[in-house]
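Below you'll find the structure, written out as structure tokens, and then a few comments.
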């Protein structure tokens, strides 16, 4: 079997554009992967085109080999744009491999180690305003109750606002009020995660973490920007009893090494659409396993990304819980023929071959590329802030 063509289909989803990667073969099998990357859509599409000549004509089932070709024959090591393009191609090759044998991808990764995957919801199901812009305790509580009514027993919220390097009493109390409202609404039977989105310095993250700790967080996500693993470790040391999660913006296993060596987190969050794909994520997970660190893959992306993450979760022993967006745009499930189904906050063991998902290219074409909604926050003095 040989790869004959690699192409992309871009589907606009308002907050981001989904980049679906299609790999075709001379035996008629087609594989799909996802390489979505916020505000880098055109660059990723171009990088997929740059990588394609390296692997066209080769056997798509030689995944480790193809990864090496794309990663090493590019000479300059790739950042998140290049690794997202590589990840989309890699996922599509797994899809083809599974289809060629008539088995789900998790069967090729060692087989299922669990019977279901626990999913968590975002406030508002991932709709942009509810996810990133909501800041009223009462509305957050209402949205949390809606997630519980939809069957979820784990939710994530951004209760911490865009923050100054050090913060005063008011924003800390407001963040605590938001989390208190959510906890009071859903009770102790629902796990709550707080995402700081890398908005804070280590010192500010500790300030917030101390205020939020009494509400028993499931994990405290990306407490500071990802460039400095020692900074994240500093937060972890200062917040005993608060599990730190991070890693969504890191690519390749090499970037995760220092985090794990420093004991900087309890949960790692590789994104299978950025880190290098399914096989690289398995290597990252294996590194984490020897440190007793759990894996909760990052995934605010499209339906193929969710399908790939679910396959990964079923085959990964130290998998913890899976993120997914469910209601960012009405056409989320229209552009694929077999979307992942979540029932009572769980996904059952897939039986379809490959990733178990196909793209409806006609439906996808109805939502072509459009400029994503921009997030450009500033501090009170006009200085650029992290969003």
Please go through region 181-190 and pick out each residue that is surrounded by fewer than 17 Cβ atoms within 10 Å (Cβ to Cβ) and touching a residue at least 12 places away in the same chain (Cβ under 8 Å).
-> 184, 188, 189
From the options 144, 176, residue that is assigned to a helix (DSSP H, G or I), touching a strand residue (DSSP E or B) at 6+ places or on another chain (Cβ under 7 Å) and either over 30 Å from residue 377 (Cα atoms) or at pLDDT 95 or above (or both) = 144
From the set of residues in region 222-264 that are surrounded by fewer than 24 Cβ atoms within 10 Å (Cβ to Cβ) and touching a residue at least 60 places away in the same chain (Cβ under 8 Å), which is nearest to residue 385 (Cα to Cα)?
-> 225
Within region 137-146, can one find any residue that is crowded, with 21+ Cβ neighbours inside 10 Å and within 20 Å of the chain's Cα centre (by Cα)?
-> no
Hey, can you tell me all the residues within region 357-371 that are assigned to a loop (DSSP other than H, G, I, E, B) and either touching a helix residue (DSSP H, G or I) at 6+ places or on another chain (Cβ under 6 Å) or over 30 Å from residue 316 (Cα atoms) (or both)?
-> 357, 366, 367, 368, 369, 370, 371
Which of the residues belonging to region 43-60 are surrounded by 19 or more Cβ atoms within 10 Å (Cβ to Cβ) and part of a loop (DSSP other than H, G, I, E, B)?
-> 60
Every residue from region 332-345 that is assigned to a loop (DSSP other than H, G, I, E, B) and in contact (Cβ under 8 Å) with a residue 60 or more places away in the chain | 332, 335, 342, 344, 345
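Conditions (1) surrounded by fewer than 19 Cβ atoms within 10 Å (Cβ to Cβ); (2) under 30 Å from residue 5 (Cβ atoms), marked per residue:
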position: 101; (1), (2): yes, yes
position: 115; (1), (2): yes, no
position: 120; (1), (2): no, no
position: 129; (1), (2): yes, no
position: 150; (1), (2): yes, no
position: 153; (1), (2): yes, no
position: 179; (1), (2): no, no
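Residue-wise test of (1) assigned to a loop (DSSP other than H, G, I, E, B); (2) touching a helix residue (DSSP H, G or I) at 6+ places or on another chain (Cβ under 8 Å); (3) at pLDDT below 95.
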site	(1), (2), (3)
208	no, yes, no
213	no, no, no
234	no, yes, no
242	yes, yes, no
272	yes, yes, no
275	yes, yes, no
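The values are calculated or read from the model by the stated rules, or taken from the named source; none is laboratory data. This structure is a prediction, so every number in the text was calculated from the model and none was measured. Ideal geometry is used to build each Cβ from the backbone, glycine not excepted, and the neighbour counts take in all protein chains shown.
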